[in-house]
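Note sheet for the following structure.
Laboratory data are not the source of any read-out in this text; all were calculated from the coordinates shown. Nothing here was measured: the structure is a model prediction, and the numbers come from that model. For neighbour counting, all protein chains shown are included, and Cβ atoms are generated from backbone atoms with ideal geometry for every residue, glycine included.
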Amino acid sequence: MPKTRYGADVVVDSLRKHHIGLVFGIPGAKIDRLFESLEDGTAGNPKLIVTRHEQNALFMAQAYARLTGKTGVAIATSGPGVGNFTTGLMTASAEGDAVLAIGGQVPRKDLHRATHQSAPSTMMLAPITNYSAEIQDPENISEIMANAFEASQGPRHGASFVSLPQDVDDAPVKHDPIPYYNGAQRGPASHQQLSKLATMIAQAKLPVLLVGLRGADDKVTKSLHQLLENYHLPVVETYQAAGVVSRDLEKTSYFGRVGLFRNQVGDRLLAASDLVVTVGYDPIEYEPRNWNKEGHLRIVDLDSTGAQIDNNFQPEMQLVGDIADSLDDLAKLLSGYQLPEAAASRLAKFRKELVQEDKITEPTPNGKTSHPLAIVEAIQKQVNDDTIVSVDVGSHYIWMARHFRCYKPRHLLISNGMQTLGVGLPWAMVASMLHPEKKAVAVCGDGGFLYSGVELATAVAHHLNLVMVVWNDGGHYDMVRFQEELKYNKAAGVKFGEVDVVKYAKSFGATGLRVNMPSELNSVMAKAFKTPGPVVVDVPVDYSHNKELAASLVDSALG
């Protein structure tokens with residue numbers, strides 16, 4: 001007699017067909033058969049990573065998506081399990097990461113009763129996802145899964161959610177699952193528009209490319225490199241586009257990153273440009289009201305999706321299509337182009353400013369805490385171009401985003417859409433799972449460390465090869481503190497209390513190290529990178545320099 005195929009088996013079949021290698025989650029009674037199916041020994045099933053919190057499971061799925069280009073998958077049970085997905089789903093949709101959350105649900109007969117763990121999950125999650133559906137018939141599982149995957153990988157990547165009632169999960173399924181569906185393919189933008197853009201670039205005195213999160217995948221970056229090798233156009237990166245300019249192109253095309261405060265070299269270059277070409281730019285990272293506050297910049301938008309128009313972002317043209325293909329065609333149309341001599345001279349001055357901004361101008365006076373730039377430099381010394389570094393949210397994130405050099409896309413992972421606290425460790429864990437031969441790095445504040453530090457237990461259980469560098473300011477939410485002080489000359493609600501980071505790490509079985517004085521910074525960091533398994537480094541930091549981050553603004557408004 002043939003083996004009975006249950007609803008859970010059809011779900012797993014879909015994961016196999018989409019070549020999903022890792023799935024993250026926490027089990028529960030309403031979805032337990034799906035966990036049984038995942039671990040039934042069938043060849044090609046994804047590896048299940050059981051986490052300590054559903055939010056972290058979704059963060060890990062987000063990292064899997066960003067690092068592989070596939071859809072990341074997380075699973076949780078009904079009620080609070082699904083509820084804990086909310087922050088991760090919101091973050092993934094905001095930041096262009098394709099994820100699929102599968103949530104358990106009460107049996108269909110209980111959907112409208114006040115029963116244990118019953119919640120209108122699809123209604124709750126619809127506003128923050130590209131697709132939110134509840135399976136009402138076991139024979140429809142395969143098609144709903146296909147549509148969920150497709151929606152996550154649309155022109156604007158984001159989150160999908162599928163609600164799986166317990167009785168559908170458990171139900172026998174008669175029909176064969178549908179085959180793998182190859183999603184819609186798009187070509188380059190209009191040839192006529194690309195020709196016009198080539199003419200505009202040729203006529204501009206100082207054209208600049210502003211590359212955003214949708215311009216940061218491997219395919220787009222390859223096409224961008226070819227364009228830059230031929231024409232040496234200057235590039236300003238958003239934080240999530242960090243690394244799109246390779247080391248070979250750094251001296252001719254890299255002019256820093258922009259985000260938060262309008263006072264970077266990239267900001268000054270954009271303000272001086274007479275043609276800004278945005279490539280895969282999403283305003284959620286750095287709103288046009290910051291970098292184009294005066295509203296005078298001439299803008300052309302090249303993207304995979306239509307632009308959001310506002311008072312400070314009204315492109316003369318929108319070139320919508322496959323970004324890589326559009327860049328390839330643009331490169332052909334620019335044949336023979338050279339930057340004007342005056343532009344090259346002006347860019348040389350901007351380049352000197354960029355180098356100068358990485359230097360420590362005022363050392364830390366107390367002899368106990370390290371200057372933020374010294375910590376950035378110490379981390380930089382231990383990594384290479386293949387190292388994946390994830391950055392949590394906090395004051396350290398601004399220092400890292402501005403000053404840490406990265407030469408490959410999606411090797412400096414930053415949450416810059418939602419600025420979600422707690423992503424650093426879960427993201428680095430996935431980097432280690434995908435590349436166990438390399439050391440992955442998480443850079444966190446003490447607040448972000450405590451937010452998801454429970455996953456150190458998961459990291460230890462899987463023997464992950466990672467270093468977590470904790471910038472410790474003694475128990476403050478400092479990114480909030482220094483901005484409150486700039487606004488009100490005082491801070492409120494920012495003290496959460498100190499924790500012994502080293503003891504915390506050791507309690508989970510990880511290695512804990514501490515930098516007791518700035519002179520130890522490089523040696524302790526070197527030891528951390530030579531130590532196998534999860535390592536946590538406690539680095540007391542001098543955040544008195546944070547006000548420098550908001551100094552010398554191009555205009556007087558804070559970002």
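Quick check of the Kirkwood formula: for segment 413-518, what is the inverse mean of 1/r over all pairs of different Cα atoms, in Å? Before the final figure, lay out the partial values.
Numbers: mean 1/r = 0.0673 Å⁻¹.
Its Kirkwood hydrodynamic radius stands at 14.9 Å.
Calculate, in whole percent, how much of the Cα-Cα pair population of segment 101-230 lies beyond 16 Å. Working shown, then result.
Working: 6258 of 8385 pairs.
Beyond 16 Å sits 75 percent of the P(r) for segment 101-230.
Could you check the simple spin-label distance between Asp385 and Ile360, using points 7 Å along Cα→Cβ, in nm with one decimal?
Inter-label distance under the simple model: 2.8 nm.
Taking a ≥ b ≥ c as the square roots of the Cα gyration tensor eigenvalues, with a/c under 1.5 meaning rounded and otherwise prolate when a/b beats b/c, else oblate, which class fits segment 191-356?
Numbers: a/c = 1.25, a/b = 1.04, b/c = 1.20.
It comes out rounded by the Cα gyration axes.
Would you mind checking the radius of gyration and Dmax of segment 93-157 based on alpha-carbon positions, in Å?
13.1, 39
Quick one: order Glu498, Glu150 by neighbouring beta-carbon count within 10 Å, fewest to most.
Values: Glu498 12, Glu150 17.
If I rank by nearby Cβ atoms, fewest first, I get Glu498, Glu150.
Would you mind working out the magnitude of the charge dipole of the chain relative to its Cα centre, with +1 at each Lys and Arg C-beta and -1 at each Asp and Glu C-beta, to the nearest 20 Debye?
Numbers: 53 positive and 62 negative charges, 179 e Å.
It works out to roughly 860 debye.
How fast does segment 7-170 diffuse by Stokes-Einstein, in µm²/s, taking the Kirkwood radius from C-alpha pairs at 4 °C and 1.567 mPa s?
86
Would you kindly state how much longer the chain becomes between Ser507 and Ile309 on full extension, computed as 0.36 nm times their sequence separation minus their alpha carbon distance, in nm to one decimal?
Details: separation 198, 0.36 × 198 = 71.28 nm, distance 5.10 nm.
The span from Ser507 to Ile309 would gain 66.2 nm if fully extended.
Using helices alone, what [θ] at 222 nm do you get for the chain, with -39,500 (n - 2.57) per DSSP H run of 4 or more residues, divided over all residues and rounded to the nearest 500? Intermediate results must be reported in sequence, preceding the final value.
Details: 23 runs with 211 residues, N = 559.
Taken over the chain, the calculation gives -10500 deg cm²/dmol.
Between Leu333 and Lys205, 0.36 nm times their residue separation minus their Cα-Cα distance comes to what? Intermediate values should be presented prior to the final figure.
Numbers: separation 128, 0.36 × 128 = 46.08 nm, distance 1.82 nm.
Full extension of this stretch gives 44.3 nm more.
Can you put Val393, Val430 in order of Cβ neighbours within 10 angstrom, beginning with the fewest?
Details: Val393 24, Val430 28.
Final ranking by Cβ density, sparse to dense: Val393, Val430.
Show me, for segment 166-174, the HN-Hα J-couplings you get by feeding each phi into the Karplus relation (A = 6.51, B = -1.76, C = 1.60, θ = phi - 60°), rounded to Hz, glycine and proline as x.
4, 6, 6, 4, 8, 6, x, 10, 8
With label points built 7 Å along Cα→Cβ from the Cα atoms of Lys495 and Val460, find their separation and express it in nm.
3.1
Using a simple spin-label model with points 7 Å from Cα along the Cα→Cβ vector, what separation in nm is obtained for Glu229 and Lys251?
In this crude spin-label approximation the distance works out to 1.7 nm.
For segment 56-70, in order, what is each residue's ³J(HN,Hα) by Karplus, 6.51 cos²θ - 1.76 cosθ + 1.60 with θ = phi - 60°, in whole Hz (x at glycine and Pro)?
5, 4, 5, 4, 5, 4, 4, 5, 4, 5, 5, 8, 10, x, 8
Among bridges DSSP assigns within the chain, what percent are antiparallel (round to 5)?
Working: 3 of 68 bridges.
Restricted to the chain, the bridges split so that about 5 percent are antiparallel.
Please get the size of the charge dipole for segment 283-341, origin at its Cα centre, with Cβ charges of +1 on Lys and Arg and -1 on Asp and Glu, quoted in debye to the nearest 20.
Details: 4 positive and 12 negative charges, 43 e Å.
Computed about the Cα centre, the dipole is about 200 debye.
Separation of segment 341-399 and segment 435-497 by C-alpha centroid, Å?
Between the Cα centres of segment 341-399 and segment 435-497 lies a distance of 19 Å.
Out of all DSSP beta bridges in segment 237-338, what portion is antiparallel? Express it as a percent rounded to 5.
Of those bridges, close to 10 percent are antiparallel.
Hey, fewest Cβ within 10 Å first, where do Arg108, Arg481 land in order? Let's see the in-between values first.
On the way: Arg108 16, Arg481 20.
The fewest-first ordering by Cβ neighbours comes to Arg108, Arg481.
For segment 524-554 and segment 136-193, write down the distance between their C-alpha centroids in whole Å.
42
On average, how much area does the Cα convex hull of segment 367-550 cover when viewed from any direction, in nm²?
Numbers: hull surface 39.4 nm².
Taking a quarter of the hull surface, the average projection is 9.8 nm².
Give a quick list of trypsin sites (Lys or Arg not before Pro) in segment 287-394 that DSSP marks as loop, anything other than H, G, I, E or B, with at most 13 other Cβ atoms within 10 Å.
Here the sparse-neighbourhood loop sites are Lys359, Lys368.
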